Each structure stands twice: as C-alpha cells, then as structure tokens.
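Participant: Can you keep this structure in mind? I'll have questions shortly.
Just so it is clear, none of the values below were taken in a lab; they were calculated from the coordinates. Here the structure is a predicted model, which is why all the values come from computation and not from measurement. Backbone-built Cβ (ideal geometry, glycine too); neighbour counts: all protein chains shown.
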2 protein chains.
Amino acid sequence: MIKIGIVGYGNLGKSVEKAIKESLDMDLVKIFSRRKLDHESYESLDNILAYKEDVDLLILCGSSDKDIMAQGPKLLENFNTLDSFDNHAKIKEYYHMMDEIGKKANKLALISTGWDPGLFSLQRLIGQAILPQGATYTFWGKGVSQGHSAACRAIDGVIDSTQYTIPRDEVLERVRAGEEIEFDPHKAHLREVFVVAEENADKGKIEEAIKTMPDYFVGYETIVHFISQEELNKDHKEMVHGGYVFRNGMASGSTRSVIEFSLDLKNNPDFTAACDIAYARAAYALKKEGKKGAITVLDVAPKYLSFKSYEDLIDSI
Amino acid sequence: MIKIGIVGYGNLGKSVEKAIKESLDMDLVKIFSRRKLDHESYESLDNILAYKEDVDLLILCGSSDKDIMAQGPKLLENFNTLDSFDNHAKIKEYYHMMDEIGKKANKLALISTGWDPGLFSLQRLIGQAILPQGATYTFWGKGVSQGHSAACRAIDGVIDSTQYTIPRDEVLERVRAGEEIEFDPHKAHLREVFVVAEENADKGKIEEAIKTMPDYFVGYETIVHFISQEELNKDHKEMVHGGYVFRNGMASGSTRSVIEFSLDLKNNPDFTAACDIAYARAAYALKKEGKKGAITVLDVAPKYLSFKSYEDLIDSI
C-alpha cells in the first residue's frame with residue numbers, strides 16, 4: 001500500500017481524499033491543514049515532520065501561488081511530493097527550485113499533474129512530436145472558471161456569480177476539419193456570466209464593469225445574465241469543466257492528420273484528483289527505482305500509472 | 001543524427017522514408033528489401049549484416065505475421081529494432097520472444113508502435129488508470145480496411161473493391177454523452193463496400209457472398225455499392241483512416257467524466273510512419289540510457305518522443 005498524506009483540505013484536497021478511498025493500492029495517513037478540521041484524519045500542518053517515516057508521498061492540494069510555491073520546497077526536504085501546480089508562467093522556476101532540493105534531499109517531486117497542465121501537456125507534446133509540421137490548438141470549457149467567477153463577485157452590487165468559458169463551435173469545427181487557422185484565444189472562446197445582483201444595484205453598470213474588466217474579459221465576447229440566488233444555486237454551482245487539445249499537421253511530411261483529445265468533466269477537482277492519484281502511483285514507483293529531484297508528467301512512462309502488472313497491460317495493449 | 005535502416009518497402013516503408021526525410025535529427029542509411037528496388041538507397045536484405053555498424057535502428061515495415069514475426073527476432077541479434085507489429089492476439093508472444101533475444105544481444109526492440117496498437121493503447125491505459133471505475137470504448141474509422149477490401153476482391157466476379165469501416169453515429173454520440181453502454185463492435189460499426197464487378201457477373205450473388213463472409217462481415221450491417229473502376233479510382237483509393245478511444249467513468253469515485261481521443265487521418269501508412277519516427281527517436285535515447293530487451297509504447301516517457309530539449313518542453317508545458 002502506498003501511504004499518502006494530503007496537505008490542504010479545500011476542493012482538491014476533498015477530492016483527493018475520495019480518490020484515495022477508491023484506490024485499492026493506497027492508504028490515507030493524515031490530512032495536514034493549517035486550520036483545524038473536524039475530521040478523523042486531521043493533523044496540524046505544524047506537526048507534519050512527526051510523520052516523516054509514515055508517509056510515502058504528500059499530495060499538495062493548496063493553491064499554486066499562495067501555498068505550493070512556498071510549501072513545496074520546504075516539504076520536499078523531508079517528503080516525496082506531488083502537486084498540481086498550475087501557474088504556467090512559473091512552472092519552470094518552480095521545477096528548478098524543486099529539482100535542486102529534491103536531489104539534495106534524495107526525495108522526488110512530481111509537479112504540475114492534473115489536466116492542464118498535465119494530461120493536456122502530454123497530448124500537446126505527443127501531437128507535436130508525431131506531427132512536427134503543424135499547429136496545436138487548446139480550447140477550454142465549457143467550464144466554470146473560479147478566477148473569473150470570483151472577479152465578478154468582487155464588483156460592487158454583485159452578491160454571487162458563476163462564469164463559464166465556452167469554446168466557439170464555429171472555431172472548434174474549423175480546427176476539427178483540419179484547417180490550420182490563426183488562433184486567438186479571445187476569438188476562440190466566449191464568456192457567459194450568471195450574476196446575482198443586489199436588489200437596487202445598477203445592472204447596466206455591473207454588466208459594463210464585467211465586460212470592460214482588463215485581463216479577464218476585455219477582448220472576449222461576454223454574455224451577462226442576471227438571475228436569482230435560487231436559480232444560481234440550482235443550475236450553476238457544479239464545477240463542470242473540460243476542454244480540447246488538437247494537433248493538425250502533415251503526417252510524414254505530406255498528408256493531413258487531425259489528432260483530437262478532449263475532456264468533459266462533471267467536476268473539475270474530482271478529475272484533477274483522479275489524475276493526481278494515478279500519477280502518485282507513478283511517483284512512488286519511480287522513487288523506488290531511484291529517481292530523485294523534480295519530474296513532470298513528461299517524464300512518466302504510461303505503465304507506471306496503472307496498478308496492473310506489465311503482463312496484464314500488454315495482454316490488452 | 002540517428003541513422004535509420006528501413007526493412008521492407010511497401011506502403012509503410014515508403015511513408016517511413018518520407019518521414020525520415022522530414023526529420024531534422026535522422027538519416028536514412030539503406031532500404032533493405034528482398035526484392036530488387038529501383039531506388040538509390042536499395043540494398044539487398046541478404047547483405048544487411050554488413051551494415052551492423054552503420055545503423056542505429058532498423059524500422060521493420062513488413063507485414064506482422066508474414067514478415068516481422070520471423071524477421072524481428074533474427075535482426076534483433078545484431079540491430080536495435082522498431083516495428084508496428086499489430087496482430088493484437090500475438091503481441092505478448094512476440095514481446096517475450098524479442099525481450100529474451102534483446103537482453104542476450106544487448107539490443108533494444110520497441111515493438112507495436114503506430115496508432116492501434118500504439119497511440120490508442122496509450123490512451124486506453126491512461127484512461128483506465130485515471131478512471132479505474134469505468135468503461136473503455138474503441139471505434140475504428142471512418143477508414144479503409146485493407147484486409148476487408150482484399151477479402152472482397154477474392155470473390156468470384158469482383159475486379160476491385162474498397163471497404164470502409166464506419167462508426168455508427170448514434171452509438172458514438174451515446175458514448176460521448178457519458179453513457180455506459182453494452183458495447184458490441186458489430187453494432188457500433190457498419191461496413192460499406194464499393195465493388196467493381198466483371199461485366200457479366202451476378203451482382204446479387206456477389207453482394208450475398210460479401211454479406212455472409214464469416215469473420216469479416218457476418219454480424220455487421222453491410223452496404224454494398226457497385227461502381228465503375230473509374231469511380232473507384234477517383235473516389236476510393238485514398239488510405240483514409242482514424243478512430244476513437246473513449247474512457248467514461250467516475251472521477252475520484254463519484255463524478256462522471258468522459259475522456260475522448262480521436263484521429264482523422266488522410267493516409268493511414270503516413271500517420272503510422274509519423275508515429276514510428278517519434279518512437280524511433282525515443283528508442284534511440286532509451287538504448288543510449290542502457291535499456292535493452294523489448295519495450296512497448298507503455299514504457300516510453302513522453303519527453304523522449306520530442307527532439308526538443310527538456311528545458312524547451314517545460315517552457316511550453
């Protein structure tokens with residue numbers, strides 16, 4: 001059994017807990033958290049070093065910038081770690097930091113698992129390697145963006161909000177048909193926002209504030225709906241997500257091929273956790289083989305993800 | 001530069017030749033063939049041992065049962081090899097044979113690359129590892145089956161023929177919607193055959209012979225069209241193919257997720273060759289790291305497929 005510790009108990013931590021319970025080859029040791037939890041497996045993060053010998057691997061479930069960037073390096077000095085660090089702009093910096101520490105401490109950090117980065121990174125790499133002459137397209141959604149939803153909630157007069165990122169069918173279909181198009185994420189997606197406003201709020205002003213919000217909404221077609229809290233709770237509280245990775249290119253230099261990978265997820269953190277668990281199994285196996293430092297999904301041979309024996313795997317290859 | 005020898009010069013061998021020419025990190029040494037070729041790179045297969053020191057890896061492009069099953073073990077005694085051995089029922093036997101020889105000879109055989117087995121095997125494994133509670137569905141097509149086309153050409157009165165395997169939209173859509181269905185390949189696909197018949201042939205009899213052909217057509221809905229040779233040549237001589245792998249299951253034990261991977265290929269051998277080339281790069285790198293015996297796509301960490309440096313890869317992870 002692989003003995004897992006969870007660090008952080010938000011949405012992802014809760015999903016990882018469920019995933020461990022479903023896994024026949026894993027045991028949950030403790031859930032480490034800064035804030036006290038009413039949970040039989042709770043342990044204060046301050047006491048984590050006492051579990052050094054009891055944990056094979058920690059799964060870091062905090063937020064990338066606020067938590068993991070600081071926690072990862074410290075924890076790696078005493079534990080093997082896995083995280084879904086997803087700030088693309090900082091992955092390289094984080095990788096090198098973790099690689100150095102892991103090599104010194106003889107520990108392994110598998111970083112940036114999940115679906116993007118993670119499975120999508122894998123598919124982008126495979127597509128590019130097989131069709132070096134071509135173009136890669138990533139679409140996100142239809143799915144809830146927590147960041148955009150929160151940004152809308154911060155607007156004066158907004159009580160609650162859910163924002164969907166939605167790929168534009170007409171762009172998706174052109175890519176799927178094998179066209180190589182000039183790809184602008186702003187034109188390939190639209191944004192749909194469901195807003196619960198205060199009773200006397202100026203809805204026109206809220207809509208304007210959303211549509212002109214820099215970085216988040218400027219440049220996108222954005223549709224704003226005002227609905228009641230009841231409706232929002234009923235229809236827009238699921239953390240659905242997904243997306244598409246396409247590689248369109250010339251096979252063997254001459255014939256057009258389209259490789260498509262897509263995810264349709266009822267619950268984003270549950271699926272991210274499911275990815276984490278498969279990669280936790282791989283990290284455990286690779287550590288046993290002597291690997292240390294930092295690695296990513298690009299370093300993991302697929303066989304390590306499965307709990308089946310290699311004989312069973314090639315039986316149904 | 002990775003020095004490649006091609007063994008066999010049918011459709012796949014020709015596509016591999018094109019793919020090597022497009023690869024910046026590979027050189028073609030010779031095309032080895034039993035039959036004399038009018039080609040500047042031709043060399044008789046009988047003389048292949050003379051090239052032992054000049055070739056880093058042989059790509060075996062013959063047919064699985066007739067050629068590779070016999071050639072692979074012999075060639076592996078003196079060369080590293082890669083093949084697209086695709087007789088699923090015999091892969092395990094072939095694997096063990098190659099593994100033993102490779103380990104003795106200090107050579108590496110990467111077997112069964114391509115797209116099925118190959119990329120599809122990869123996707124099936126990844127899907128199962130991430131969603132252990134679920135079901136895997138593979139659809140083939142729309143694509144030309146060389147085996148079925150040849151089987152039709154063998155019927156009395158048939159001059160030429162092209163057979164398409166076609167996934168049924170209604171089954172595909174149910175799977176894509178996340179349903180877990182009872183999957184019968186016979187009911188998930190239909191077969192469409194374009195036949196050029198001899199002038200006085202009994203078309204009813206030919207159609208009957210096709211539809212009742214055991215193993216190939218019995219159990220499938222099959223549509224037969226009689227057309228002229230000109231039409232067949234104009235519209236049905238492209239080796240289009242593709243397919244779909246789905247994994248539908250419960251992420252973290254509780255929420256439904258759909259993972260879809262699909263290929264839409266203008267030319268089947270060109271794409272298989274493009275896969276072979278990326279995996280040839282991986283085999284070369286793994287051999288350098290000391291790997292020997294037999295391996296499959298399940299043993300290959302994705303980073304080895306690319307000619308980019310690891311630093312570049314994580315830059316765009």
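Participant: Can you tally the net charge around A:Pro132? Count Lys and Arg as +1, Asp and Glu as -1, for every other residue whose Cβ sits under 12 Å from the Cβ of A:Pro132.
Facilitator: +1
Participant: If you average the sequence gap of Cα pairs under 8 Å that are 6 or more apart and divide by the length of chain A, what percent do you get for the contact order?
Facilitator: 21
Participant: Would you kindly give the portion of the calculated P(r) for chain B that falls above 30 Å, as a percent of all Cα pairs?
Facilitator: Beyond 30 Å sits 43 percent of the P(r) for chain B.
Participant: Where does the charge balance sit around B:Val55 when Lys and Arg score +1, Asp and Glu -1, over other residues with C-beta under 13 Å from its C-beta?
Facilitator: Here the charged neighbours net out to 0.
Participant: Would you check region A:155-284 for Lys pairs whose C-alpha atoms are within less than 20 Å, ignoring same-chain pairs closer than 8 in sequence, and give me the count?
Facilitator: Lysine pairs satisfying the spacing and distance rule in region A:155-284 number 4.
Participant: In units of 2.2 N^0.38 Å, what is the alpha-carbon radius of gyration of region A:1-67?
Facilitator: 1.03
Participant: Turning to a different aspect of this structure: At what distance in nm do the modelled label points of B:Gln146 and A:Tyr310 sit from each other, each positioned 7 Å from its Cα along Cα→Cβ?
Facilitator: Inter-label distance under the simple model: 3.0 nm.
Participant: Taking a label point 7 Å out from Cα toward Cβ, give me the nm distances from B:Asp38 to the same spot in the other copies, shortest first, one decimal.
Facilitator: 8.6
Participant: Short version: ³J(HN,Hα) in whole Hz for each residue of region B:46-53, in order, from phi by Karplus 6.51 cos²θ - 1.76 cosθ + 1.60 (θ = phi - 60°), x for Gly and Pro, what are they?
Facilitator: 4, 9, 4, 4, 5, 9, 3, 8
Participant: Something else about it: Taking H as built 1.01 Å from N, whose amide H comes closer than 5 Å to the amide H of A:Ile159, not counting residues under 5 places away?
Facilitator: A:Val196, A:Ala197, A:Glu198
Participant: Still on this structure, please answer the following. Count of lysine pairs in region B:2-78 with Cα atoms under 14 Å apart, counting only pairs 8 or more residues apart in sequence or on different chains?
Facilitator: Pairs that pass both the separation and distance tests number 9.
Participant: Could I ask something else about it? How far apart, in nm, are the 7 Å Cα→Cβ label points at B:Leu45 and A:Ala154?
Facilitator: 6.8
Participant: Same structure, new question: Calculate log10 I(q)/I(0) of the protein assembly as shown for q = 0.09, 0.10, 0.12 Å⁻¹, where I(q) comes from the Debye formula with a single equal point scatterer on each Cα and nothing for solvent.
Facilitator: For the protein assembly as shown at q = 0.09, 0.10, 0.12 Å⁻¹, log10 I(q)/I(0) is -0.81, -0.97, -1.31.
Participant: Taking the label point 7 Å from Cα in the Cβ direction, how far apart in nm is B:Gly178 from each other copy of itself, listed shortest first?
Facilitator: Spelled out, the distances from B:Gly178's label point are 3.2 nm.
Participant: Kindly provide the trypsin sites (Lys or Arg not before Pro) of region B:100-175 that DSSP labels as loop, not H, G, I, E or B, and whose Cβ sees at most 15 other Cβ atoms within 10 Å.
Facilitator: B:Arg168
Participant: Could I ask something else about it? Quick one: length gained pulling A:Ser63 to A:Val240 fully straight, 0.36 nm per residue minus the C-alpha distance?
Facilitator: Between A:Ser63 and A:Val240, full extension yields an extra 61.8 nm.
Participant: On to the next question. Compute for region A:151-244: radius of gyration divided by Kirkwood radius, i.e. Rg/Rh, restricted to C-alpha atoms, rounded to two decimals.
Facilitator: 1.04
Participant: Out of residues 5 or more away from B:Gln133 or on other chains, whose amide H comes under 5 Å of its own, with H placed 1.01 Å from N in the peptide plane?
Facilitator: HN-HN under 5 Å from B:Gln133: B:Met250.
Participant: Which trypsin sites (Lys or Arg not before Pro) from region A:20-89 combine a DSSP loop assignment with at most 16 other Cβ atoms within 10 Å?
Facilitator: A:Arg34, A:Arg35, A:Lys36, A:Lys52
Participant: Based on the Kirkwood radius over alpha-carbon pairs, what is the Stokes-Einstein translational diffusion coefficient of region A:50-162 at 10 °C with 1.306 mPa s viscosity, in µm²/s?
Facilitator: The estimated diffusion coefficient comes to 97 µm²/s.
Participant: Another one. Around A:Phe226, under 9 Å between beta carbons, what's the net of Lys plus Arg minus Asp minus Glu among the other residues?
Facilitator: 0
Participant: Here is a follow-up. How many nm is it between the label spots at B:Ala285 and A:Ala105, if each spot is 7 Å from the Cα in line with the beta carbon?
Facilitator: Rounded to a tenth, the inter-label distance reads 2.7 nm.
Participant: Something else about it: What FRET efficiency do you get for A:Asp215 and B:Lys203 if R0 is 56 Å and r is their Cβ-Cβ distance, rounded to the nearest 0.05?
Facilitator: In this case the efficiency is close to 0.25.
Participant: Which GluC sites (Glu not before Pro) in region B:106-212 sit in a loop by DSSP (not H, G, I, E or B) and have at most 15 other Cβ atoms within 10 Å of their own Cβ?
Facilitator: Qualifying residues, ordered by number: B:Glu179, B:Glu180, B:Glu182, B:Glu198, B:Glu199.
Participant: Go from 0 up to the bin containing the longest alpha carbon distance in region B:161-317, width 10 Å each, and give me the % of pairs per bin.
Facilitator: Each 10 Å bin holds this share of Cα pairs: 8, 22, 26, 24, 14, 5, 1.
Participant: Find every distance from the label point of A:Phe307 to the corresponding label point in the other copies (7 Å from Cα along Cα→Cβ) and write them in nm, one decimal, shortest first.
Facilitator: Listed shortest first, these distances are 4.2 nm.
Participant: Right, next: In peptide B:179-189, how many Cβ atoms from other protein chains are near each Cβ within 10 Å, on average?
Facilitator: Rounded to a whole number, the mean comes out at 0.
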